[in-house]
Ligand code: SF4
């Protein structure tokens, strides 16, 4: 049975057209799926009984629920989903009034960044829109989520078509109706796909920069060879659509690797002309990783160097560390002690 969950309005209109049903039926189905969150065709009371019966014979309309969930002492939760044979993780980070969902777009990742647990796991496939949306609506805390960061497993721009459909469903009036300002897509920078994302959406952007020197960045992010950071930065400086949204430069601080004064000075130089905030992320040590976290003095010094250049700089708090839900630690190899739902 095909799952209608994750279909865009256009795709639902194609279905209703094929069946010979009135076109507005597609909007009614979308309303039930995404606004009213109904997962039983029989409850879609404004659809004629005949249409409800036909839909129930050939389709389902359910988000997928997580198999397991683990909760850290600080309230951060990590969920393990099984989409067919692929395992993926999602995290929810509560912070006062704000509850942020960290959504995955792929099982594992093709980019192979050396500091990243997901990257070391290899690639298991890209997720469909229904699988991405299930990470929001399949969890018990769905109604309390205020922000979404597409920053979990996978490179979102390596799954562009499904990402765009997911974002369309999240922000459309016929869908979830979320403000695009509450959604942030994080990428290492694939310029041709980034341009499409900028042109077609109004979501915020986080650029994983991590080293301002090409030769150093390539050692951390092998895809620097194929998609040089300089091309992404040129796009962000020149594309009018880029100037209309919040941009964050993500910079994981790795002790002795990218935390020198030289790095701070060059980072400031290359992002000059982009209206962006810099978010420093002291590395969370992970099992098997060759990298370590700089001490607090070093982090403060790096931040001060950037602030003295006039940049807005934040240092990300580490959350969910003991359940490996912190940044760069999502990996389906570490949920052995999880509570089964
Ligand atoms: S940092 Fe992002 S792009 Fe790089 S391997 Fe990890 S998930 Fe993939």
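The values are calculated or read from the model by the stated rules, or taken from the named source; none is laboratory data. From a predicted model like this one, the values you see are computed outputs, not experimental measurements. Positions of Cβ are backbone-derived with ideal geometry, glycine not excepted, and every protein chain shown enters the neighbour counts.
If we scan segment 44-52, do we find a residue that is surrounded by 13 or more Cβ atoms within 10 Å (Cβ to Cβ), within 19 Å of residue 131 (Cα to Cα) and without any contact (Cβ under 8 Å) to a residue 24 or more places away in the chain? Looking for residues that are surrounded by 13 or more Cβ atoms within 10 Å (Cβ to Cβ), within 19 Å of residue 131 (Cα to Cα) and without any contact (Cβ under 8 Å) to a residue 24 or more places away in the chain, one finds none in segment 44-52, hence no. Is there a residue in segment 64-84 that is at pLDDT below 95, within 16 Å of the ligand (Cβ to nearest atom) and either out of contact with any helix residue (DSSP H, G or I) (no Cβ under 7 Å at 6 or more places or on another chain) or in a loop (DSSP other than H, G, I, E, B) (or both)? No; the residues of segment 64-84 include none that is at pLDDT below 95, within 16 Å of the ligand (Cβ to nearest atom) and either out of contact with any helix residue (DSSP H, G or I) (no Cβ under 7 Å at 6 or more places or on another chain) or in a loop (DSSP other than H, G, I, E, B) (or both). Does residue 112 satisfy being surrounded by 19 or more Cβ atoms within 10 Å (Cβ to Cβ), in contact with a helix residue (DSSP H, G or I) (Cβ under 9 Å, 6 or more places away or on another chain) and at positive phi? When the stated conditions are applied, residue 112 does not pass them. Just one of (1) modelled with pLDDT under 95; (2) buried (at least 21 other Cβ atoms within 10 Å of the Cβ); (3) within 12 Å of the ligand (Cβ to nearest atom); (4) on the phi < 0 side of the Ramachandran plot fails for residue 121. It is (2). Within segment 242-276, how many residues turn out to be within 21 Å of the chain's Cα centre (by Cα) and surrounded by 14 or more Cβ atoms within 10 Å (Cβ to Cβ)? Qualifying residue count, segment 242-276: 10. Counting the residues of segment 253-271 that are assigned to a loop (DSSP other than H, G, I, E, B) and touching a helix residue (DSSP H, G or I) at 6+ places or on another chain (Cβ under 9 Å) gives 7.
Quick check: anything in segment 93-101 in a loop (DSSP other than H, G, I, E, B) and within 16 Å of the ligand (Cβ to nearest atom)? Looking through segment 93-101, none of the residues is in a loop (DSSP other than H, G, I, E, B) and within 16 Å of the ligand (Cβ to nearest atom).
Looking at the structure I just gave you, is residue 104 within 19 Å of residue 184 (Cα to Cα), part of a loop (DSSP other than H, G, I, E, B) and at pLDDT 95 or above? Answer is yes for this residue. Against the numbered list (1) more than 19 Å from residue 206 (Cα to Cα); (2) under 28 Å from the mean Cα position of the chain (by Cα), residue 308 comes up short only at (2).
In segment 134-162, the residues that are on the phi > 0 side of the Ramachandran plot form Cβ pairs under 7 Å with partners that are part of a loop (DSSP other than H, G, I, E, B) and crowded, with 22+ Cβ neighbours inside 10 Å, at six or more places apart or across chains, as follows: 154/104; 154/105; 154/109.
Evaluated against (1) more than 16 Å from the ligand (Cβ to nearest atom); (2) outside any loop (DSSP other than H, G, I, E, B), residue 89 falls short on exactly one condition, (1). One residue alone among 166, 232 is within 16 Å of the ligand (Cβ to nearest atom) and surrounded by 18 or more Cβ atoms within 10 Å (Cβ to Cβ), and that residue is 232.
What number of residues within segment 280-308 satisfy the criterion of being at pLDDT below 95 and touching a strand residue (DSSP E or B) at 6+ places or on another chain (Cβ under 7 Å)? Number of matching residues: 4. Only residues that are within 16 Å of the ligand (Cβ to nearest atom) and assigned to a loop (DSSP other than H, G, I, E, B) were counted in segment 173-224, giving 7.
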